[in-house]
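Data first, discussion second: the structure below is written as structure tokens.
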Amino acid sequence: DFLAIDKPAGIASHGGSGVSHGAIELLRAARPREHLELVHRLDRDTSGVLVFARTRTGLTGVQRLIRDGEVSKQYLCLMSGALKRAKFDVNVPLRKAVLAGGERMVRVDDAGKPALTFFREIERYRDASLAEATLDTGRTHQIRVHAAHAGHPLAGDAKYGDREANKRFRAMGLKRMFLHAARFEFELGERAYSISAPLPEDLRAVLDRLS
């Protein structure tokens, strides 16, 4: 029913907004006899688990679970600064805007849609923390905006991040945003699915340098 890939950073989930093709178009070209549909999306700069449906039943089933909040999505991210608490949540609404050039920008706004992210520190470094972010809702750029709102923007995030902190992370070899979709879990029918992708080597190398 499903096909999952460990999407590299730099590849969009699908074409559009100035991108000629993404992961779905590449997979359809590589597997012309298969019917493939995107179950969910990842930002272009985010690596990790990306799930596709091979059947209409699989597609509508998981999309219904996502709408009902019955899919577990966990990410690994490097947050700048020292976290005050090892576990905390950010529960503030987000509003999406499309800029003149087609770029999407999201901000905290009381008139936006509800958004809730749970953060849990995994490893603490001198000026950063590796954290697990679990989504309760799935808004555009949710983890990135919520992390910045909490005062700990993601390392390497050019849009919502801290410029000076990003310079320091670049000096440690970070060449992109440190955000990785580590796990995607759901139950459909009689089956439970748990799909995971290990932290990529480029991000692991940055953690080694921080250590």
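Number of Lys-Lys pairs in region 25-162 with C-alpha atoms under 21 Å apart and a separation of 8 or more places or on different chains: 6.
Labels on offer are (i) 1.22; (ii) 2.11; (iii) 1.02, and the one holding Cα Rg over 2.2 N^0.38 Å computed from this structure is (iii). When the label point is put 7 Å from the Cα of residue 99 along its Cα-to-beta-carbon vector, which residues of region 141-171 have a backbone N closer than 14 Å? In region 141-171, the label zone of residue 99 (backbone N under 14 Å from the point 7 Å along Cα→Cβ) covers 158-161.
Compactness check for region 87-211: Cα Rg over 2.2 N^0.38 Å is 1.15. Carbon-plus-sulfur accessible fraction, the chain (probe radius 1.4 Å, protein heavy atoms only): 46%.
With all projection directions averaged, the alpha carbon convex hull of region 43-93 covers 5.6 nm². The label point for residue 134 and the one for residue 54, both projected 7 Å from the Cα toward the Cβ, are 3.0 nm apart.
In terms of packing, defined here as the mean over residues of other Cβ atoms within 10 angstrom, the peptides 22-29, 176-183, 81-88, 119-126 line up highest first as 176-183, 22-29, 119-126, 81-88. Highest average first, the peptides 184-193, 148-157 ordered by how many other beta carbon atoms sit within 10 Å of their residues are 148-157, 184-193. In the context of the full set of protein chains, residues of region 86-163 present 53 Å² of accessible surface per residue (probe radius 1.4 Å, heavy atoms only).
What the pair-distance distribution of region 93-132 shows, using all Cα-Cα distances binned every 10 Å from zero, is 24, 28, 31, 17 percent.
The values are calculated or read from the model by the stated rules, or taken from the named source; none is laboratory data. Computed from a predicted structure; not experimentally measured. Please note: Cβ atoms are built from the backbone with ideal geometry, for glycine as well, and neighbour counts cover all protein chains shown. The accessibility values were calculated without ligands, DNA or RNA, using every heavy atom of the protein model including side chains. Shrake-Rupley method; radii C 1.70, N 1.55, O 1.52, S 1.80 Å.
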